[in-house]
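Below is one structure, written out as structure tokens; comments come after it.
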Amino acid sequence: MREIEIRAFSPPDAAAVRELFIRVNRLLAPAHMAEEFESYIARSLAEEIDQLADYYSSRNGGFWVAVDGDEIAGMFGLEASGEHAMELRRMYVAPGLRRRGIARNMLAFAENECRRRNRLRLQLSTSELQNDALALYRNAGYQSVREEIADATSNKTVGGGIRRYHFTKTL
């Protein structure tokens, strides 16, 4: 097993990141919500994924990829959330590469990046459809701050009545 490298996103990564985002979200979609997920994917591509560098730099953040050889194994972004916090966004691991500690390594990298930027709180949210992510965040010491039923679609949530969990951790 090779060591995973985490590095800043660069333009040549764009197609693989786009494909990973689409693949993971289509796998998450319950059959009865396929249309809602396709709309969410299209909106997120237009508003965020297809312009990652500009999107995250305009939010005082950044975007990174986890690389296994020549393959994008995972991805995540950070954006400023208030004066002393950042929000973890778009943390996905390629389905065939899960259960290898990639998400745990990306989360640790994100926490260290927050510390480097003197942003000593990391916030994040995930949905009820992502049980592995919920377990990861809880096991990493994240505290639940609220739950909500997401009705409205945005580039951050599919909506459709899916329960979202919001977490925070003081670093």
Residues in the range 113-157 that are touching a His at 6+ places or on another chain (Cβ under 8 Å) and among the small types (Gly, Ala, Ser) total 2
Of the residues in the range 131-163, how many are among the polar types (S, T, N, Q) and modelled with pLDDT under 95? 5
Exactly one condition in (1) within 23 Å of residue 27 (Cβ to Cβ); (2) buried (at least 16 other Cβ atoms within 10 Å of the Cβ); (3) within 14 Å of the chain's Cα centre (by Cα) is not met by residue 56; state its number. (1)
Out of the range 62-106, which residues are under 20 Å from residue 116 (Cα atoms) and among the β-branched types (Val, Ile, Thr)? 65
Scan the range 132-149 and report the pairs whose first residue is touching a residue at least 12 places away in the same chain (Cβ under 8 Å) and whose second residue is assigned to a helix (DSSP H, G or I) and hydrophobic (A, V, I, L, M, F, W, C), with Cβ atoms within less than 7 Å and a gap of 6+ or a chain change. 136/103; 136/107; 140/107
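Out of the residues in the range 1-27 that are in contact with a Phe, Trp or Tyr (Cβ under 8 Å, 6 or more places away or on another chain) and farther than 13 Å from residue 90 by Cβ, which is most open to solvent (accessible area, probe 1.4 Å)? Write out each step before concluding.
Within the range 1-27, the subset in contact with a Phe, Trp or Tyr (Cβ under 8 Å, 6 or more places away or on another chain) is 6-9, 17, 20-21, 24-26.
Add one more test, that the residue is farther than 13 Å from residue 90 by Cβ, and what stays is 6-8, 26.
Numbers: 6: 38, 7: 72, 8: 60, 26: 128 Å².
By that ranking, first place goes to 26.
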Every residue from the range 139-152 that is surrounded by fewer than 17 Cβ atoms within 10 Å (Cβ to Cβ) and over 23 Å from residue 95 (Cβ atoms): 141, 143, 144, 145, 146, 147, 148, 149, 151, 152
Say we look at the range 105-138 and pick out the residues that are among the hydrophobic types (A, V, I, L, M, F, W, C) and surrounded by fewer than 19 Cβ atoms within 10 Å (Cβ to Cβ); which of these is nearest to residue 5 (Cα to Cα)? 109
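The values are calculated or read from the model by the stated rules, or taken from the named source; none is laboratory data. As the structure is a prediction and not an experimental result, all values here were calculated from the model. Heads up, the Cβs are rebuilt from the backbone with ideal geometry, glycines too, and the neighbour counts pull from every protein chain shown. Heavy atoms of the whole protein, side chains included, go into the accessibility calculation; ligands, DNA and RNA do not. Shrake-Rupley method; radii C 1.70, N 1.55, O 1.52, S 1.80 Å.
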